[in-house]
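Structure first, commentary second.
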Amino acid sequence: SLLGLYDTQKAIGLIKTIFQEKICMALHLKRVTAPLFVMQGSGLNDDLNGVERPVAFDVPCLNQEAEVVHSLAKWKRYALYKYGFGQGLVTDMNAIRRDEELDNLHSIYVDQWDWEKVITADQRTLDFLQDTVRDIVDAVCATSDELRWKFPELKNIHLGRDVTFITTQELEDMYPDYTPKQRENAFAKEH
């Protein structure tokens, strides 16, 4: 690590604060607090691929069972509809995925940004999607720029703002003998 333990923790806190501000501005989102758990049977806990078992516990005063969230996909859409958060929302989700297969990218504890945006029928275009991706990349890069300013030890870390788009079909044409994941990895290494 380029930073010590305390500075790493401080940097993580800054990333969360700065990125939240940048992504809200870029995509016109409102920051909301996500639930850590939802009531069992509410339909708000996304089952992901249908085999994950939620961590559940009883809530005696309500005579109900609650479940720790796996994913906020259903809750985000419900919140946008029910509470009128405007064009969209962003949240820093904390979840427990007890059946997750652990590796360098996956943990049973999940702490991730999650967002949802309301778009109109005429915005459902490739150009709109690509512009949104560029806005997200700009927010990530602007966060990186500020972090490097606050922590000079990170001065040699630079993220590129250039984005390359490719379709699944184009990837398959380039790497016909590869699996979808191998195609993604091969393309990423090239670019």
Counted residues in region 3-37 being open to solvent by less than 80 Å² (accessible area, probe 1.4 Å) and part of a loop (DSSP other than H, G, I, E, B) come to 6
Considering region 117-174, residues that are of a type in the set (K, R) and part of a helix (DSSP H, G or I), and then whichever is nearest to the chain's Cα centre (by Cα), we arrive at R134
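Among the listed residues D58, D114, D46, D99, identify the single one that is in contact with a His (Cβ under 7 Å, 6 or more places away or on another chain) and not in a helix (DSSP H, G or I).
None of the others qualify; the one that does is D46.
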Testing E101 on (1) in contact with a strand residue (DSSP E or B) (Cβ under 8 Å, 6 or more places away or on another chain); (2) surrounded by fewer than 17 Cβ atoms within 10 Å (Cβ to Cβ), one condition comes back false. Which one is that? (1)
I'd like to verify a number: residues in region 133-153 that are more than 12 Å from A11 (Cα to Cα) and touching a residue at least 40 places away in the same chain (Cβ under 8 Å), how many? 6
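Identify, from the list Q87, Q64, the residue that is open to solvent by 80 Å² or more (accessible area, probe 1.4 Å), of a type in the set (S, T, N, Q) and either at pLDDT 90 or above or in contact with a Gly (Cβ under 7 Å, 6 or more places away or on another chain) (or both). Give the steps one after another, and end with the answer.
Values: Q87 fails: either at pLDDT 90 or above or in contact with a Gly (Cβ under 7 Å, 6 or more places away or on another chain) (or both).
From the options Q87, Q64, the qualifying one is Q64.
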Which number in (1) open to solvent by less than 60 Å² (accessible area, probe 1.4 Å); (2) over 19 Å from T17 (Cβ atoms); (3) not aromatic (F, W, Y) marks the one condition that D127 misses? (1)
Restricting to region 77-93, what's the tally of residues that are assigned to a helix (DSSP H, G or I) and under 16 Å from F37 (Cβ atoms)? 2
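The values are calculated or read from the model by the stated rules, or taken from the named source; none is laboratory data. Here the structure is a predicted model, which is why all the values come from computation and not from measurement. Here Cβ is always computed from backbone atoms with ideal geometry, including for glycine, and neighbour counts include all displayed protein chains. Areas reflect the complete protein model, heavy atoms only, side chains present, ligands, DNA and RNA absent. Shrake-Rupley method; radii C 1.70, N 1.55, O 1.52, S 1.80 Å.
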